[in-house]
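Throughout, read-outs are computed from the coordinates displayed, never taken from laboratory work. This one's a predicted model, so the numbers in the text were calculated from it and none came from an experiment. Note that each Cβ is placed from the backbone with ideal geometry, even for glycine, and that neighbours are counted across all protein chains shown.
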Amino acid sequence: MEKTLNGFKSTTANIPAGYDAIVIGSGAAGLYAALCLRSCYRVLLVTKSKLGVGSSKWAQGGIAAAIATDDSPQLHLEDTLNAGAGLCDRSAVDFLASNAYDAIASLLDLGVDFDRKDNKLATTLEAAHSRSRVLHSQDTTGRAIVDILAARVLERPNIQILAPAFALNLWRDPQSDRCQGISLLYENQIRWLRATAVILATGGGGQIFAKTTNPTVSTGDGVALAWRAGAILRDLEFFQFHPTALNQPDAPHFLISEAVRGEGAHLVDDEGRRFAFDYHPKGELAPRDVVSRAIFNHLEKNARDPAMARVFLNLEAIPPEKIRHRFPNIIQTCRQWGVDVFAQPIPVAPAAHYWMGGVAVDIANATSLPGLYAIGETSSTGVHGANRLASNSLLECIVFAAQLQKLELEPVDLQEPESFGKVRGDWQGEMGEIEAIRDNLPALMWHAAGICRSRSALEEAIAKVSFWRSRLADLEISQYCLHLSPEENLAFESETAEEHLKLAAETMNLLDIGHLILKSAAFRTESRGGHYRIDYPDKMDSWQVHTIVQGDRLDTAAMDND
Ligand code: FAD
Ligand code: SIN
């Protein structure tokens with residue numbers, strides 16, 4: 001067997017039918033979760049691209065922790081609650097802020113190299129933080145963390161890695177309702193794997209929107225899998241739109257970190273006017289939802305064609321030496337797309353960035369289904385409320401994954417490997433329709449459930465998504481994506497089967513989360529944090545509740561304000 005950063009290349013012959021724990025995803029949450037599980041447990045880590053590929057690796061600004069002498073977990077808690085617009089669970093935020101110091105200490109122990117100034121850990125300011133508390137490693141903090149975590153995971157003999165391997169569905173015991181494993185697409189086969197604990201660490205779902213800072217793996221798979229298995233989901237309408245993604249023809253929506261504004265950059269319109277203070281007294285450093293809406297509204301009011309319009313990030317107020325030192329990746333990527341940050345302002349526009357909603361979990365990461373846990377962006381711990389405070393998500397991944405050190409697992413009920421049914425697996429004729437849905441869904445969602453939402457646009461989109469879901473359900477390939485008979489593993493003969501199944505399964509997941517986001521957004525008739533309704537523009541006390549989804553049930557749930 002070969003151990004590399006591209007994965008632990010297991011042959012299908014050495015995949016047992018059961019593990020103590022299966023971790024799905026290899027971002028900060030999945031990698032750290034695998035490391036925290038006791039080394040006596042046999043752990044399988046599956047990840048649908050190369051090891052470490054995900055949003056975590058792209059994180060720029062940093063990781064928040066109150067380490068400065070003028071700072072405290074209490075101040076961090078207050079800033080998080082303020083940004084969360086009344087929807088954070090206080091006990092979860094308290095847990096996050098009070099464990100931040102230990103999380104950083106653990107990352108340093110593992111070898112993460114944060115920037116230092118005068119021999120001390122350096123920190124920076126980001127929007128809605130009252131203190132400079134964001135630790136960073138230049139503008140590639142995520143890479144610094146993920147590369148170290150991945151290297152440590154590769155050293156651990158109890159962790160087996162399958163990459164690329166795609167988790168298709170959760171395996172629920174119909175008698176006990178327990179999640180007892182997963183179905184996995186790996187090397188042209190679908191196999192059922194048992195586990196005492198299944199840990200979803202599949203990240204966010206930014207690919208549901210036409211404009212997103214997220215990588216292509218962020219298709220909301222964990223939320224869709226959990227929903228189909230009957231777990232409780234929470235606050236799905238809350239999506240954070242980052243104000244400053246690169247907006248250049250043909251370029252990806254590459255993130256221009258909030259830390260650039262934290263270091264002093266100004267937002268200006270095409271006449272060079274600094275407009276953010278027209279919308280909030282904190283200007284560029286107001287909470288993200290406020291700045292994103294400020295840009296949206298400013299363009300609606302002032303631009304001749306708002307769809308084509310953009311604003312700019314002017315870096316003139318930051319000394320060039322500091323830009324060079326702090327933002328080498330941003331300099332290089334902008335240059336690649338024809339923008340010289342030293343000579344011109346960077347064209348930017350908002351893009352979908354972070355999903356506050358997710359699979360509801362308690363402080364020990366347990367979901368409503370016994371045996372199923374969720375960590376990182378796919379979970380809803382209650383720390384982000386309606387709008388996440390910058391740099392709190394990497395922290396959440398580490399603080400909550402650390403809870404798995406306490407997890408005690410019964411030995412897995414190992415059964416003999418199943419035999420494989422053979423299937424041709426040729427769905428070429430169906431792929432055109434799937435590709436068309438996959439291409440059109442993000443634009444529909446951006447229009448209906450982007451920065452500004454309204455009942456009519458949401459309802460139209462719900463009808464369209466329902467139509468696409470029924471079209472997809474009628475295709476033969478969908479039966480294999482769902483393939484709900486654990487008594488049978490399947491081996492596909494066609495060489496294209498795996499690629500096609502993955503595309504179909506991701507499209508199904510995107511349609512499921514799209515449907516749930518739209519329904520939740522139509523249900524919440526107010527505006528709060530990342531959810532803005534032009535037909536209900538005010539925040540309402542009566543809506544200071546979570547929304548929860550379980551199957552077809554959409555309801556509210558009281559806040560935990562202990
Ligand atoms: P990810 O890192 O996205 O990992 C998800 C993993 O799950 C991936 O390995 C993926 O391949 C795998 N996966 C998904 N579905 C399946 C499946 N069906 N089967 C198998 N594997 C699957 N937050 C901060 O705190 N600070 C920052 O500076 C910061 N900057 C950011 C910059 C960018 C550009 C982006 C996009 C986000 C940023 N965030 C930042 C947010 C933060 O990075 C993420 O919320 C966080 O890293 C999520 O970690 P995760 O482990 O939950 O998910
Ligand atoms: C950024 O660097 O602006 C992203 C930080 C975050 O999303 O927390």
Notebook entry, point to check: Using modelled backbone amide H atoms (1.01 Å from N, in-plane), which distant-in-sequence or interchain residues come within less than 5 Å of Phe238's amide H?
Noted result: Gly357
Notebook entry, point to check: Say the cut-off is 31 Å between C-alpha atoms; which of Lys50/Lys406; Lys120/Lys282; Lys211/Lys519; Lys50/Lys322; Lys282/Lys406; Lys120/Lys211 go over it?
Noted result: Lys50/Lys322; Lys282/Lys406; Lys120/Lys211
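Hey, fewest Cβ within 10 Å first, where do Tyr279, Tyr480 land in order? Don't skip to the end; give the middle numbers.
Numbers: Tyr279 16, Tyr480 21.
So the residues, fewest neighbours to most, are Tyr279, Tyr480.
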Note to self: Cut-off is 10 Å between beta-carbons; in what order do Phe209, Phe492, Phe467, Phe277 appear when sorted fewest neighbours first?
What the structure shows: Phe467, Phe277, Phe492, Phe209
Margin query: Please list, in order along the range 531-536, the HN-Hα scalar couplings obtained from phi with the Karplus expression 6.51 cos²θ - 1.76 cosθ + 1.60 (θ = phi - 60°), rounded to whole Hz, x for Gly and Pro.
Written below: 10, 10, 10, 5, 8, 9
Checklist line | Long-range HN-HN contacts of Ser527 with modeled amide H, under 5 Å | finding: Arg533, Asp538, Lys539, Met540
Notebook entry, point to check: Using the eigenvalues of the Cα gyration tensor, what equivalent ellipsoid semi-axes result for the chain when each is taken as the square root of five times the eigenvalue, whole Å, largest first?
Noted result: 36, 27, 23
Item checked: Helix 141-155 vs. the chain, principal-axis angle (Cα, 0 to 90°, nearest 10) -> 20
Notebook entry, point to check: Residue-wise, which Karplus ³J(HN,Hα) couplings in Hz belong to the range 64-80, taking 6.51 cos²θ - 1.76 cosθ + 1.60, θ = phi - 60°, and x for glycine or proline?
Noted result: 8, 6, 7, 10, 6, 5, 8, 10, 7, x, 5, 5, 4, 4, 5, 4, 5
Notebook entry, point to check: Amide H to amide H under 5 Å from Leu255: which residues, 5+ apart in sequence or cross-chain, H placed 1.01 Å off N in plane?
Noted result: Leu246
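Students often check this: by mean Cβ neighbours within 10 Å, which of 177-190, 114-127 ranks highest, and how do the rest follow?
Values: 177-190: 21.9, 114-127: 15.5.
Top of the packing list down: 177-190, 114-127.
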Check: Relative to the first principal axis of the alpha-carbon coordinates of the chain, what is the inclination of helix 100-110, with its axis defined by its Cα atoms, in degrees from 0 to 90 and to the nearest 10?
Finding: 60
Note to self: Can you tell me the orientation of helix 392-401 relative to the chain, as the angle in degrees between its alpha-carbon axis and the longest Cα principal axis, to the nearest 10?
What the structure shows: 30
Next item on the list: Could you bin all the Cα-Cα distances of the range 457-526 into 10 Å bins starting at 0 and give me the percent of pairs in each, rounded to whole numbers?
Entry: 18, 41, 25, 13, 3, 0
Margin query: If I take R0 = 35 Å and measure r between the Cβ atoms of Arg471 and Met559 in this structure, what FRET efficiency does the formula 1/(1 + (r/R0)^6) give, to the nearest 0.05?
Written below: 0.35
